[in-house]
Amino acid sequence: MNLPTLTQEALVARARALRAEFPILAQVHPSGRPLVYLDNAATAQKPRSVIETLDRFYSERNANIHRGVHWLSQEATRLYEGARAYLAQFIGAASQEEIVFVRGATEGINLIAQTLRRVYFQPGDEIVLTIAEHHANIVPWHLVAEELPIHLKPVPLTPEGLLDVEVLRAHLSPRTRLIALTAMSNVLGTEMPIAEVAHIARERGIPILVDACQAVVHRPLSVEAWGVDFLVFSGHKLYGPTGVGVVYMRRPWPQKLPPYQGGGDMIRRVTWQGSRFAPPPAKFEAGTPPIAEAIALAEAARYLTETVGWEFIQAYEAFLSEYAQQRLAAVPGLTLYGTGQPRGALWSFTLEGVHPHDVGTFLDAQGIAVRVGHHCAQPLMDALGVPATIRASFAFYNLPEEIDLLAQALEEAVRFFAPPEAKPR
Ligand code: PLP
C-alpha cells in the first residue's frame, strides 16, 4: 500500500474497517447516541487481538514465570520473555536486558528517580525539564528533593507550545545531572525535539530521560537513534492493558543502578546476612510481574506495527488532527492551546465564559467523551493562565464525523451557556 497516494476517502475507509476491531466502540451511550470516544490520550481502547491475547493466556497458558519446572510455567516464561524481546525491538533498544516491566510510566519514573537518588544524585544537583511535564515527571523528583536538596529547572515553551533547544541549553549548568522531558505534551499535543536535546545532553555528558507515554502512540521511535538513556511508557495508552508499562535503560545503567524493590524473582541468593541480586532486568522486577499484561502489550505493539502500520497511523492522524483544528477553530469563543508542529493528534481548548467541567458534562450528555481538567499538568496550566482545559484526543479509529459531532455539540454549548441577554429571543 502506497499511503501518500491514498485518497482521504480511502484513509477514512481503512479507519472505519479498523474501528470494527474495537468492540467497545460499537456501544451506544446511555443517552441513546453513538459513543464518541475522544479521550484516547488518557487511555486507548483495546483491539480484539489484545483482548483475545489476555483471554488465551488465562485460558491456556496461565502459570507463574521463571520459577516453575513444569510445562505451563515454561510456556508462560517463554511468552513473557518473548514480549520483552518484541518490545525491545519495538522501541529500537539494543538489548532486551535494557527493558524492565513495571506497572506503568508513573512507576517507571519513580523507579528511575529512586535508584538514581541512591547512587547518583548529590546535594545541589539540578534536573532540567520542560514546563509541560505531566505530574508523573515532576512529583517523583520532588520526592527525591525532599531527601536530597536537588533543584528542578523547568524550561518554558514558545507560545506555540514548542521547545527551543537554545532556551533549554541556556538552562543547563555544570550542576545539571539529568534532563527529563516528555516527547509529546499530553496537554498541547506538541512534540519535543528529542534527538536534538539528546545530542546536547551527550555533548555535556548529561543523561536524558524521555517520557514517551504520548509520543509512542503516534509514531515509531528508536531509543538508539535518539540516543537517550532512559525512556518510559504505559501499556494502556498504547492500546494494551492497564497495569503494565516499560522502562528502557541504556546499558550500563541496568548494571549501575541498584534494585528498586526487594522480593522474589530479583535475587541470586538470600541468607540471613543479606541478599545478592539477579542480573538485570530481573533485578528490577521484584515479585510476580504483570505477566498476561506484558504479553498482551507486546500484542498491542505488534498489532500497531504489523496490522495497522505506522504509515497509515501517521497519515490518517495528521488528517484527523488538521480536520479537528479547522472545525474547532470555527467554534465561536474557542481558544486552542499550543498550535505548533510537529504534533500528535490531540487538541486542548477552552470556551469563553464556560468552565471546562461544564463543557465536559454537556458533551457527555451527548455521548461525547473528552477530558476536562488540569490533565496532571498543573504547572503548565499556571503558565497558560487557565485552571483547566478541554482536551479532545484522537486515535486511528476515530472518524471525521465524530469531529463534526464534537464541533456541533460545542456550538450548542456556546448557545446553551450564553448569558440570557446574549440569547436570541
Ligand atoms: N506522562 C504523560 C505524558 C502522560 O500523559 C501520562 C498519563 O496521562 C503519564 C505520564 C502517566 O501515565 P500512567 O498514569 O499510565 O502511569
Gain upon complete extension [Glu146, Phe416; 0.36 nm per residue less C-alpha separation]: 92.5 nm
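Using a Förster distance of 35 Å, how high is the FRET efficiency between Gln8 and Arg56, based on the Cβ-Cβ distance and rounded to 0.05?
Working: r = 37 Å, r/R0 = 1.05.
Once the sixth-power term is evaluated, E becomes 0.45.
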Span-rule helices in the chain, defined as complete DSSP H runs reaching 18 Å or more along the axis (Cα) with Kyte mean at least -0.5: 71-90, 105-119, 310-329, 400-417
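Given a Förster radius of 45 Å and the C-beta distance between Val69 and Gln122 as r, what FRET efficiency does 1/(1 + (r/R0)^6) yield to the nearest 0.05?
On the way: r = 46 Å, r/R0 = 1.02.
Efficiency at R0 = 45 Å is approximately 0.45.
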Distance (nanometres) between label positions extended 7 Å along Cα→Cβ at Gln96 and His29: 4.4
Anchor Lys153: aspartates and glutamates whose Cα lies under 17 Å away (excluding residues fewer than 8 positions away in-chain): Asp125, Glu126, Glu133, Asp164, Glu166, Asp211, Asp382
Estimated FRET transfer efficiency when R0 is 41 angstrom, pair Ala329-Val270 (beta carbons, to 0.05): 0.10
Base-10 log of normalised Debye intensity for the stretch 50-305 (one unit scatterer per alpha-carbon) at q = 0.13 Å⁻¹: -0.81
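Using the Cβ atoms and a cut-off under 12 Å, what net charge is assigned to the surroundings of Val210, where Lys and Arg are +1 and Asp and Glu are -1?
Numbers: positive: Arg250; negative: Glu133, Glu191, Asp211, Asp229.
Here the charged neighbours net out to -3.
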C-alpha center-to-center spacing [the stretch 291-339, the stretch 253-271] in angstrom: 38
Cα shape, the stretch 100-191, gyration tensor, a/c 1.5 rule: oblate
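Only the coordinates and a few stated rules stand behind these numbers; no lab work does. Quick caveat, the model's predicted, so the values are computed rather than measured. Cβ coordinates were reconstructed from backbone atoms using ideal geometry, including for glycine residues, and neighbour counts include every protein chain displayed.
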